Amino acid sequence: MILFRKKTDFQTYLTTQKQRGKKIGFVPTMGALHQGHVSLIESSRKDNSITVSSIFVNPTQFNDPNDFKKYPVTIENDINKLEAAGCEVLFMPSVEEIYPDGVPSDLKYDLGYLETILEGKYRPGHFQGVCMVVHRLLDIVKPDNLYLGQKDYQQCMVIRRLIELTGHTEIKLNICPTFREPDGLAMSSRNLRLNEEERKTAPAIYRALLHIKENLPKGDLLSLKESAVKKLIDNRLKPDYIEIADADTLKPISKWNAGQKLVALAAAYLGEVRLIDNLVLN
Ligand code: PAF
């Protein structure tokens with residue numbers, strides 16, 4: 001695996017590869033890699049001649065400075081995992097390399113409704129930060145294919161919108177399924193921050209979503225949502241939200257006509273760690 005830290009060296013390399021007709025797949029990450037990331041690398045390897053990944057813990061997307069400080073960093077392990085998965089190229093820039101003029105304060109992506117609901121509501125500024133870094137990374141890599149995990153359902157929708165807004169419409173967005181531990185917990189870099197007791201409790205978030213999926217009634221969904229929230233609280237999780245929404249627009253659905261495709265989404269704190277998960281329901 002070739003490792004680049006400087007944008008210019010990385011771009012020179014990519015330009016040569018593109019001139020040789022190589023198809024580029026891109027898996028952006030913030031490190032602390034797990035099997036879910038590995039599956040994204042594997043998907044990219046199937047569709048492309050070169051798979052590029054990036055590791056950059058992007059400061060602009062952390063609305064909570066403590067969350068940024070405590071974000072797990074496991075670089076050596078990450079490099080080994082990427083190499084074992086067959087990733088050809090890794091970009092690991094510094095903050096100065098990505099934001100040479102500091103963080104732009106005037107840049108605002110028009111994400112519309114997506115920015116005001118669910119993660120947008122509970123993590124103000126988060127998606128602007130995600131867009132800021134992904135925009136820069138896409139400008140640098142200009143991949144044929146981009147790979148993201150469905151675990152960050154709303155982020156996938158935001159990045160789809162970013163691709164439109166920035167005119168990078170030649171990039172195909174591939175959304176890959178969530179990877180789960182045997183007990184159902186969605187794999188996430190933040191799981192590394194759970195203590196032993198919390199780790200045992202954490203799958204309650206998945207079970208609450210499964211409860212919604214298995215009991216989905218036609219008509220009013222309010223009491224089902226309430227019972228799912230109760231399941232979290234009973235397990236000492238502190239929910240930010242549990243929502244049932246249209247799978248394509250993320251508009252909340254309170255009465256279901258059995259026709260719409262639905263997704264259930266949840267975010268909850270376990271101690272200091274904020275977990276998110278989702279399940280497509282039908
Ligand atoms: O999902 C992530 O790991 C990050 O939000 C991303 C897409 C790499 C941007 O920093």
Which percent, nearest 5, of DSSP beta bridges in the chain are antiparallel?
-> 50 percent
Name the residue, out of TYR113, TYR241, TYR269, whose mean-square fluctuation peaks in a Gaussian network model built on the chain with Cα pairs under 10 Å.
-> TYR113
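Report the calculated FRET efficiency for SER223 and VAL95 (r = Cβ-Cβ distance, R0 = 51 Å), to the nearest 0.05.
Calculated value: 0.60.
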If you build a Gaussian network model of the chain, linking Cα atoms that sit under 10 Å apart, which residue out of PRO203, PRO177, PRO100 swings the most?
-> PRO100
Filtered hits (lysines, Cα-Cα < 19 Å from LYS200, offset >= 8 within chain) -> LYS230, LYS231, LYS238
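Nearest 0.05, what FRET efficiency do ASN80 and ARG236 give at R0 = 30 Å with Cβ-Cβ as r?
0.30
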Comparing ASN215, ASN174, ASN77, which has the greatest mean-square fluctuation in the GNM of the chain with Cα pairs linked when under 10 Å apart?
-> ASN215
Positive minus negative residues near LYS18 (Lys, Arg vs Asp, Glu; Cβ under 11 Å) | +3
What does the convex hull of the alpha-carbon atoms of the chain project to on average, in nm²?
-> 14.9 nm²
Dividing the alpha-carbon Rg of segment 185-282 by 2.2 N^0.38 Å yields what?
-> 1.07
Assertion target for TYR13, TYR206, ordered by fewest C-beta neighbours within 10 angstrom first, is TYR13, TYR206
In terms of the alpha carbon gyration tensor, root eigenvalues a ≥ b ≥ c, rounded if a/c is under 1.5 and otherwise prolate when a/b exceeds b/c or oblate, segment 1-52 is oblate
Could you compute the FRET efficiency for GLN35 and SER254, with r as their C-beta to C-beta distance and R0 at 35 Å, rounded to 0.05?
-> 0.45
The extension gain from LEU216 to LYS108, computed as 0.36 nm times the residue separation minus the Cα-Cα distance, is 35.1 nm
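Rule-based calculations on the coordinates, nothing more; no lab input. Bear in mind the structure is a predicted one, so any value in this text is a computation, not a measurement. All Cβ positions, glycine included, derive from the backbone under ideal geometry; neighbour counts span all protein chains shown.
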